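Data first, discussion second: the structure below is written as structure tokens.
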Amino acid sequence: MPVDERSFDENNVLRSRTLTEWTVHGPVATNDPIRPANSLAQRDPQVARTVSVIIENGQALATLSENEYETPGVNNNTAPTDAEYFAHLNLKRTKSHHFRNIPLSLAQTGTFSQIAGYFNSSTIATIGETDYAYIPDYKARGINSLPTESRALDKEGNVLTKTQTLFDEQNYLGASSGYLSGNLVSTWTDPSTDLSIPANSRLLRGKPTTTKLWNNETNSWISSCVQYDQYGSPRKAWEPNEDYNSSRFTETEYSSDYGFAYPTKVTTPPPDPTNTHGTNSGSFITTSYDFMTGLPLTVSNEFGQTTKTEYNDALLRPTKVYGLLISPSQ
């Protein structure tokens, strides 16, 4: 685990340092007297604190960031103690400190604790917090936790902004892009009919369908919604504060020619449905791809204008981009 990383310029002059303090967890009880846990075992190293130092023109600036993680079963923490959730790996709280001027000699040779001594509760700039949901039906799908809310606070603990996320709302999981055919049929298994998945988990995807941003000034929420197809690809993205009943969305389509893997058409709604301050016509672009590499070959708009890209290179780098019916340019 890196504890002191240094960067030098071409003259071998130290320009920056990153010092890291780690925390580790001890052994997990086996509850087996014949094969007990090794008392010296350490696992799951996590970054506890990081000091970053920048040196320029004979002066040095340092900043400190701190991380706190879920502590299941400790101090009224509600995260599950079941080790299969790996809740202790989730980042719960962060603190970022303002830059501080420090002596050049300290920046060059100081230890972590010496530099960290320049920071305290009065130097905190922002605090970040994240809440998680731990749901057994999701764990059965290999999704151990879902981040449901994140917050930014000032050093006094006042909430400045927060974001909430809702997952797998059924109204946003119903879009179908079509069905695979030919040799591609066997490349995907529909989880909703997969008998190896517990029944209560088959419709769970872990897809963020609604994201809500809190407006501090008006104490209101600004929401945005996304709908997905059966393959997990986004199909419709609504404008802020619109939902599935609204026609104000950007739609993405996928072609069976590419196994529904690449977006082949994106349609945006008209900027002004009343045709008063702007057109009441929507717009779209279509894209074709190389099937094997996924590289885009052509992009066309609703006016029939097409841009083509060529990859005449062993490393598949673009060598020409030009409009069709226009002289190619390098």
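The values are calculated or read from the model by the stated rules, or taken from the named source; none is laboratory data. Remember, it's a predicted structure, so these values are computed and weren't measured experimentally. Note: ideal-geometry Cβ built from the backbone for every residue, glycine included; neighbour counts use all protein chains shown.
Tell me, yes or no, whether segment 22-30 has at least one residue that is surrounded by 15 or more Cβ atoms within 10 Å (Cβ to Cβ) and farther than 22 Å from Met1 by Cβ. No - not one qualifying residue is present in segment 22-30. Checked against (1) under 22 Å from the mean Cα position of the chain (by Cα); (2) surrounded by 15 or more Cβ atoms within 10 Å (Cβ to Cβ); (3) on the phi < 0 side of the Ramachandran plot, Asp168 passes all but condition (3).
Pairs are defined by a Cβ separation below 6 Å, a sequence spacing of at least 6 or placement on different chains, a first member in segment 39-66 that is more than 18 Å from Pro103 (Cα to Cα), and a second member that is of a type in the set (Val, Ile, Thr); the pairs so defined are Gln42/Val24; Pro45/Val24; Gln46/Thr23; Val47/Thr20; Ala48/Thr23; Thr50/Thr20; Ser65/Thr50. Against the test of being among the charged types (D, E, K, R) and within 30 Å of Thr189 (Cβ to Cβ), the options Asp257, Asp272 yield a single qualifying residue, Asp257.
Counting the residues of segment 173-187 that are surrounded by 14 or more Cβ atoms within 10 Å (Cβ to Cβ) and assigned to a helix (DSSP H, G or I) gives 1. Quick one: in segment 202-234, of everything that is in a strand (DSSP E or B) and in contact with a helix residue (DSSP H, G or I) (Cβ under 9 Å, 6 or more places away or on another chain), which residue is nearest to Asp137 (Cα to Cα)? Looking at the filtered set, the residue picked out is Thr209.
Among the conditions (1) assigned by TED's automatic domain parsing to the domain that holds Asp243; (2) buried (at least 17 other Cβ atoms within 10 Å of the Cβ); (3) at pLDDT 95 or above, the only one that Tyr138 does not satisfy is (1).
Scanning segment 151-184 for residues that are under 18 Å from Leu213 (Cα atoms) and without any contact (Cβ under 8 Å) to a residue 12 or more places away in the chain yields a single hit, Asn158.
Annotation: Phe260 fulfils all but one of (1) in a strand (DSSP E or B); (2) surrounded by 14 or more Cβ atoms within 10 Å (Cβ to Cβ); the unmet one is (1). Residue count for segment 1-21 satisfying the condition of being exposed (fewer than 11 other Cβ atoms within 10 Å of the Cβ) and either in contact with a Lys or Arg (Cβ under 6 Å, 6 or more places away or on another chain) or polar (S, T, N, Q) (or both): 3.
Does segment 113-122 hold any residues that are buried (at least 16 other Cβ atoms within 10 Å of the Cβ) and outside any helix (DSSP H, G or I), and which are they? Listed by number, the residues that qualify are Tyr118, Phe119.
Each residue in segment 49-92 was checked for being closer than 15 Å to Glu129 by Cα and part of a strand (DSSP E or B), and 7 pass.
Summed over segment 93-112, the residues that are within 18 Å of Lys155 (Cα to Cα) and in a strand (DSSP E or B) give a count of 6. Of the residues making up segment 203-260, those that are of a type in the set (A, V, I, L, M, F, W, C) and more than 24 Å from Asp290 (Cα to Cα) are Leu203, Leu204, Leu213, Trp214, Trp221, Ile222, Cys225, Val226, Ala237, Trp238, Phe249.
Scanning segment 83-112 for residues that are crowded, with 18+ Cβ neighbours inside 10 Å and more than 20 Å from the chain's Cα centre (by Cα) yields His97, Ile102, Ala107, Gly110.
Filtering segment 234-254 to residues that are surrounded by 14 or more Cβ atoms within 10 Å (Cβ to Cβ), at pLDDT 95 or above and not charged (D, E, K, R) leaves Pro234, Ala237, Trp238, Asn241, Phe249, Thr250, Thr252, Tyr254.
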